[in-house]
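Just below is one structure, and these are the notes that go with it.
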Amino acid sequence: MKKVVKFGGSSLANAEQFRKVKEIITADPARVYVVPSAPGKRSSNDEKVTDLLYKSYELSEKGESIDEILGVIKARYDEIIEGLGLDVSLDEEFEIIKTNYSNKAGVAYAASRGEYLNGVLLAKYLGFPFIDAADVICFNEDDSFNAEKTDAKLQTKLREFDKAVIPGFYGSNSDGFIRTFSRGGSDITGSIVAGAINANIYENWTDVSGFMIADPRIVKNPASIKAITYRELRELSYMGATVLHEDAIFPVRKQGIPINIRNTNCPTDEGTLIVENTCRPSEYIITGIAGKKGFVAINIEKDMMNSEIGFGRKVLEAFEKYGISFEHTPSGIDTFSVLVHQPEFEGREQEVLSELHRSVNPDSVELQTDLALIAVVGRGMRSNHGVAASIFVALAKQGINIRMIDQGSSELNIIFGVKNSDYENAIKAVYDVFITNPSDLLKF
Ligand code: ADP
Ligand code: ASP
Ligand code: MG
């Protein structure tokens with residue numbers, strides 16, 4: 001039995017958290033490979049070490065002094081070293097970091113030092129060997145992740161060590177330059193290690209007792225999800241439920257390795273089990289709700305567009321040409337809407353609009369700004385009718401206007417758009433009707 005365990009930033013934010021982590025690891029001898037994040041926030045108004053590192057590199061690029069900010073970062077680690085009574089000094093490491101900054105090692109290098117240094121300390125504290133992720137996690141020249149090369153390197157390396165600490169979030173390309181995943185990417189490293197060694201389970205330890213049905217910052221004490229499928233989870237995490245990085249399921253998915261989200265502060269809680277498939281019915285009709293603010297809908301109208309071959313392609317090409325990715329494309333007979341991220345669109349707005357006019361000659365183009373998208377996800381929706389109706393009645397009762405609806409062909413989700421200002425209330429309304437007061441659900 002081999003388990004890969006990843007600990008998030010808040011789980012390793014200070015010496016007290018390091019102690020909890022060691023207790024968890026030593027409580028089960030199967031917990032052999034450990035993937036740490038950089039120290040996170042110690043309290044709600046604290047700063048994550050990763051954010052400080054990004055700032056420090058920005059200062060260095062501008063030619064400003066970085067002594068103060070690197071001092072703040074070093075103090076975070078020194079607090080851990082002293083709190084645990086470790087016999088280590090990071091003086092030399094910080095000298096190397098400073099030199100590398102002045103040699104323009106890059107922003108990814110800077111960001112990666114958070115995980116690297118935390119890994120060095122955690123390995124020392126656990127008495128485990130340290131493996132630098134730069135030696136085993138491989139990126140291509142275009143910064144994409146190279147799965148085959150990584151698997152081969154990891155498998156060879158881990159054959160040498162029964163136990164090890166491998167920092168999350170970064171790796172290197174074939175020229176030896178450090179590269180990182182996107183934010184929250186230590187979750188991906190954990191999954192890669194679990195996949196490479198065919199682990200029995202990938203435990204992802206964080207600061208909540210699993211995946212909740214809705215964001216706990218919006219719904220007070222939401223119920224947690226006991227079991228969720230990879231696909232449901234991907235829908236939810238893509239839509240903003242940030243507990244686990246949206247790409248973290250790919251490396252374990254093929255082998256069906258379950259992911260267990262656990263709480264470092266309540267290690268006896270079972271957490272959430274994320275699996276390929278389950279015959280366990282979900283406790284409620286829906287599995288989860290998530291969403292994101294800040295979208296704009298570009299509504300294109302043209303009579304008879306449905307008979308114009310290539311219309312949709314030409315519309316999407318206008319966005320592609322300016323590097324704007326789209327989220328959804330709800331359409332009617334004579335209308336075609338494209339939903340995009342507002343901040344991304346704002347800079348190229350006029351260029352995209354004139355391109356649309358040139359390429360599809362629409363009757364009208366209308367912009368709907370400040371939209372939030374909410375996804376209601378659940379494997380149980382397929383076998384229950386009236387789910388959409390219940391959502392819409394719940395929103396109508398709260399006086400919330402629905403701006404757009406899109407049901408995925410998988411029948412795994414219903415996505416709807418509301419005004420940004422209705423976002424929180426819409427999530428609460430959906431949560432209440434399915435979870436708090438299911439007796440209010442419409443009966444058909
Ligand atoms: P870590 O630093 O351990 O990787 P993250 O901050 O990335 O942790 O993820 C955990 C956080 O995700 C929780 O503290 C919570 O605020 C937030 N969150 C958002 N949506 C949900 C959800 N549906 N269930 C649980 N937590 C959620
Ligand atoms: N430390 C990185 C971040 O803050 C990666 C992670 O925590 O997963 O995004
Ligand atoms: Mg995270």
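Residues that are within 13 Å of ligand 1 (Cβ to nearest atom) and either without any contact (Cβ under 8 Å) to a residue 60 or more places away in the chain or within 30 Å of F161 (Cβ to Cβ) (or both) do not occur anywhere in the range 73-84. In the range 346-358, the residues that are at positive phi never reach a residue that is part of a loop (DSSP other than H, G, I, E, B) with C-beta atoms less than 6 angstrom apart, at least six apart or across chains. Against the criterion of being at pLDDT below 95 and touching a helix residue (DSSP H, G or I) at 6+ places or on another chain (Cβ under 9 Å), L442 qualifies.
To keep it simple, each residue is scored yes or no on (1) under 13 Å from A13 (Cβ atoms); (2) more than 16 Å from ligand 2 (Cβ to nearest atom).
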{"residue": "R42", "(1), (2)": "yes, no"}
{"residue": "K48", "(1), (2)": "yes, no"}
{"residue": "Y54", "(1), (2)": "no, no"}
{"residue": "S60", "(1), (2)": "no, yes"}
{"residue": "E68", "(1), (2)": "no, yes"}
{"residue": "Y77", "(1), (2)": "yes, no"}
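Within the range 50-58, does at least one residue satisfy the condition of being touching a residue at least 60 places away in the same chain (Cβ under 8 Å) and either touching a Leu at 6+ places or on another chain (Cβ under 8 Å) or over 23 Å from E82 (Cα atoms) (or both)? No, there is no match, as no residue in the range 50-58 is touching a residue at least 60 places away in the same chain (Cβ under 8 Å) and either touching a Leu at 6+ places or on another chain (Cβ under 8 Å) or over 23 Å from E82 (Cα atoms) (or both).
Would you point out the residue of the range 278-307, among those that are part of a loop (DSSP other than H, G, I, E, B) and in contact with an Asp or Glu (Cβ under 9 Å, 6 or more places away or on another chain), that is surrounded by the most Cβ atoms within 10 Å (Cβ to Cβ)? Among those that are part of a loop (DSSP other than H, G, I, E, B) and in contact with an Asp or Glu (Cβ under 9 Å, 6 or more places away or on another chain), it is T287.
In the range 1-43, of all residues being within 16 Å of ligand 3 (Cβ to nearest atom) and hydroxyl-bearing (S, T, Y), the one that is farthest from P267 (Cα to Cα) corresponds to S37. Across the range 394-444, the number of residues qualifying as closer than 25 Å to N299 by Cα and among the polar types (S, T, N, Q) comes to 7. Considering the range 73-104 alone, what residues qualify as being within 32 Å of the chain's Cα centre (by Cα) and among the small types (G, A, S)? Answer for the range 73-104, where residues must be within 32 Å of the chain's Cα centre (by Cα) and among the small types (G, A, S): A75, G83, S102.
Which residues, counting only those in the range 69-88, are within 21 Å of K48 (Cα to Cα) and out of contact with any helix residue (DSSP H, G or I) (no Cβ under 8 Å at 6 or more places or on another chain)? The answer is G71, A75, D78. Scanning the range 196-209 for residues that are assigned to a loop (DSSP other than H, G, I, E, B), surrounded by 18 or more Cβ atoms within 10 Å (Cβ to Cβ) and within 7 Å of ligand 1 (Cβ to nearest atom) yields one hit, V208.
Criterion first (in contact (Cβ under 8 Å) with a residue 60 or more places away in the chain, buried (at least 19 other Cβ atoms within 10 Å of the Cβ), away from ligand 1 (no atom under 16 Å from the Cβ) and of a type outside the set (S, T, Y)) does A164 satisfy it? Against the criterion (in contact (Cβ under 8 Å) with a residue 60 or more places away in the chain, buried (at least 19 other Cβ atoms within 10 Å of the Cβ), away from ligand 1 (no atom under 16 Å from the Cβ) and of a type outside the set (S, T, Y)), A164 qualifies. Of all residues in the range 213-237, those being touching a residue at least 40 places away in the same chain (Cβ under 8 Å) and within 16 Å of ligand 3 (Cβ to nearest atom) number 4. Residues in the range 325-355 that are more than 27 Å from the chain's Cα centre (by Cα) and among the hydroxyl-bearing types (S, T, Y): S331, T335, S354.
The values are calculated or read from the model by the stated rules, or taken from the named source; none is laboratory data. Keep in mind that this is a model prediction, so the values were computed, not measured. Methodologically, a virtual Cβ is constructed for each residue, glycine included, from the backbone with ideal geometry; neighbour enumeration extends over all protein chains shown.
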